[in-house]
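Working notes, structure below.
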Amino acid sequence: MKKFNFHVKPIGLLDMLHFKQMVPRRRAILASGSLEPITAVYGVNRLAQSLHPKRQKAVVSEIIPRKDANTYVLKADKLAYFRAGQYVSVKLRIGEAVTARPYTLAAAPALALEGQYQITVKKAQDGFVSDYILNNWTVGTEVTLSGPEGPFSYEPLRDEKEVVGLAGGSGITPFMSMAYAILDGTEDFRLTLLYGSRTKKDILYAEELEKICAATDKVRVVHVLSEDEAEGCEHGFIGADLIRKYAPETYTLYICGPRAMHDFLAGELPRLGLDQKHIRREFVPAPSSPEYFASYTGDPSKVYTLTLHLLGEEKQIPLRADEPVLTAIERAGIAAPSRCRSGECGWCRSRLIGGEAFIPDSLDGRRLADDEAGYIHPCSTWALSDLELEIFPE
Ligand code: FES
């Protein structure tokens, strides 16, 4: 066994003298410095700002209609580069409300270098925001976006070279970006995509997927139809048997789809025996009602009062028990910070000063220290009483 000998030199007189001279020497250096403010922007800061801007402006330059959805091509002189699978938060003012929604960037990341993003907005059942975008955005509409966000992207140090993607409905968008990135050589992995749709007509990006598969053998797509039987497609839901049928021997699983798909897969995935580190899930936005969770014991018909502390000012607003606290803040026209709206990113982190709140375990992405210090994520918190909250604007 190798032995290490540590020798600690005792502090001598010369060290003491040197130490004694340090403070006056530093003071002299500071005194001789220029009083002019530093004007230089350091290269590393410039790079960080261009990769992680807080806000970006873009204009709708083209609208590609799809079944119950539109793809919006957004252009600007400059847009931040992103990793295939990431999203941007779209900021909106709808009537009195100020809100935001996350949408995955669906095109190749390389297009961002030419000032282009693409997002696809699908009509949703209770889609207050998706309805607004589908009915109001036209070519020329100016939109405000966050910088690219989110950890749902391929990581070669962590992931296998083979990825099996499970997509449901508009959950195809991050995989479109990944497929394009594989095609143009930006990403280096093989993608087997099981894509669930109700019928053949509901498949989003059908033609684009076909073209990508024809152009590279690194991307393979299997359509799984729940309400239709069609040649060349699987029928039913994506479950463990279907995954085993198409998956290679070793792989990392990426999942993006509606809440119902995640719920179904929760019972299926243990049958695959995969290590948790090889299962990557895109976030699922919080449901509109807390009654979705079996552990909820509140009364969703109540309307409480939310006392807000914001930049030293105090404000009281109504707080419906059946919607996330963040929605009440936005409804009152207050621009609260948010990105993922699923309890994961921490952008909406706020301090709970008083009151009782419901935070379901599956949406509790808080750090332990935040939990103990009384911080909450209002996007995934529902009121059980009047609440008092301090929020921190961006
Ligand atoms: S917006 Fe991401 S945690 Fe609330």
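Tabulated data for the structure shown
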{"item": "Most mobile of GLN21, GLN118, GLN276 in a GNM of the chain (Cα contacts under 10 Å)", "result": "GLN21"}
{"item": "Charge dipole (debye, nearest 20) of the stretch 162-281; +1 at Cβ of Lys and Arg, -1 at Cβ of Asp and Glu", "result": "340 debye"}
{"item": "Chain lengthening between GLN49 and ALA31 when straightened (0.36 nm per residue, less Cα-Cα)", "result": "3.3 nm"}
{"item": "Nonlocal amide H pairs with ARG198, under 5 Å, H built at 1.01 Å", "result": "SER226"}
{"item": "DSSP H segments from the chain that extend 18 Å or more along their own axis, Cα-based, with Kyte-Doolittle mean of -0.5 or above", "result": "13-31"}
{"item": "Cα-based reach from LYS218 at 17 Å (exclusive), listing lysines while leaving out same-chain residues under 8 positions away", "result": "LYS161"}
{"item": "ASP361 paired with SER289, simple spin-label distance in nm, labels 7 Å along Cα-to-beta-carbon", "result": "2.4 nm"}
{"item": "Counted charge near GLU314, where neighbours are those whose Cβ lies closer than 12 Å (Asp, Glu -1; Lys, Arg +1)", "result": "-2"}
{"item": "Relative exposure of SER34, SER338, SER153, judged by other C-beta atoms within 10 Å (fewest first)", "result": "SER34, SER153, SER338"}
{"item": "The stretch 350-357 - phi-based ³J(HN,Hα) in whole Hz, Karplus 6.51/-1.76/1.60, Gly and Pro as x", "result": "9, 9, 7, 8, x, x, 10, 10"}
{"item": "Distance between the stretch 81-158 and the stretch 159-216 - C-alpha centres, whole angstrom", "result": "18 Å"}
{"item": "Relative contact order (percent, whole number), the chain, Cα cutoff 8 Å, 6+ residue spacing", "result": "13 percent"}
{"item": "Fully extended contour minus Cα-Cα distance, from THR141 to ILE63, at 0.36 nm per residue", "result": "27.0 nm"}
{"item": "Table column - 3J(HN,Hα) (Hz), the stretch 273-281, Karplus curve with 6.51, -1.76, 1.60, x for Gly and Pro", "result": "x, 7, 5, 4, 5, 9, 10, 10, 10"}
{"item": "Dipole axis of the stretch 162-281 (+1 Lys, Arg; -1 Asp, Glu on Cβ), positive-most option in TYR254, LEU225, MET176", "result": "TYR254"}
{"item": "Cα extents of the stretch 162-281 along the three principal axes, largest first (Å)", "result": "36, 33, 23"}
{"item": "Highest-fluctuation residue, PRO290, PRO337, PRO24 considered, GNM on the chain with Cα pairs under 10 Å", "result": "PRO24"}
{"item": "DSSP bridge orientation in the chain - percent antiparallel, rounded to nearest 5", "result": "60 percent"}
{"item": "Reachable aspartates and glutamates from LYS54, criterion Cα separation under 13 angstrom, eight or more residues apart if same chain", "result": "GLU149, GLU394"}
{"item": "Local electrostatic count, ASN136, Cβ distance below 15 Å [Lys/Arg +1, Asp/Glu -1]", "result": "+2"}
{"item": "Net dipole in debye of the stretch 51-97 [+1 Lys, Arg Cβ; -1 Asp, Glu Cβ; about Cα centre; nearest 20]", "result": "180 debye"}
{"item": "Translational D in µm²/s for the stretch 1-149 (Stokes-Einstein at 25 °C, 0.890 mPa s, Kirkwood Rh from C-alpha pairs)", "result": "123 µm²/s"}
{"item": "Residue-wise HN-Hα coupling along the stretch 197-205, computed from phi with Karplus coefficients 6.51, -1.76, 1.60 (Hz; x: Gly, Pro)", "result": "9, 6, 10, 4, 5, 7, 5, 7, 6"}
{"item": "Scattering profile of the stretch 290-391 at q = 0.09, 0.17, 0.22, 0.25 Å⁻¹ [log10 I(q)/I(0), Debye over alpha-carbon scatterers]", "result": "-0.18, -0.69, -1.21, -1.57"}
{"item": "Given charges at Cβ of Lys, Arg, Asp, Glu: the stretch 290-391 dipole, positive-most of SER338, PHE293, LEU368", "result": "SER338"}
{"item": "Rg and Dmax [Cα atoms of the stretch 89-211; Å; Rg one decimal, Dmax integer]", "result": "15.8, 48"}
{"item": "10 Å-binned pair-distance histogram of the chain (Cα, whole percent)", "result": "4, 19, 26, 22, 14, 8, 5, 2, 0"}
{"item": "Residues of type lysines that LYS67 reaches as a straight line, Cα spacing below 21 Å, ignoring anything fewer than 8 places off in the same chain", "result": "LYS122, LYS123, LYS200, LYS201, LYS211"}
{"item": "Simple label model, 7 Å out from Cα along Cβ direction - THR250 to GLU207, nm", "result": "4.1 nm"}
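Read-outs throughout are calculated quantities, based only on the coordinates presented, and are distinct from any laboratory measurement. Owing to the predicted nature of the structure, the values given are computational and were not obtained by experimental measurement. All Cβ positions, even for glycine, are placed from backbone atoms using ideal geometry, and neighbour counts span all protein chains on display.
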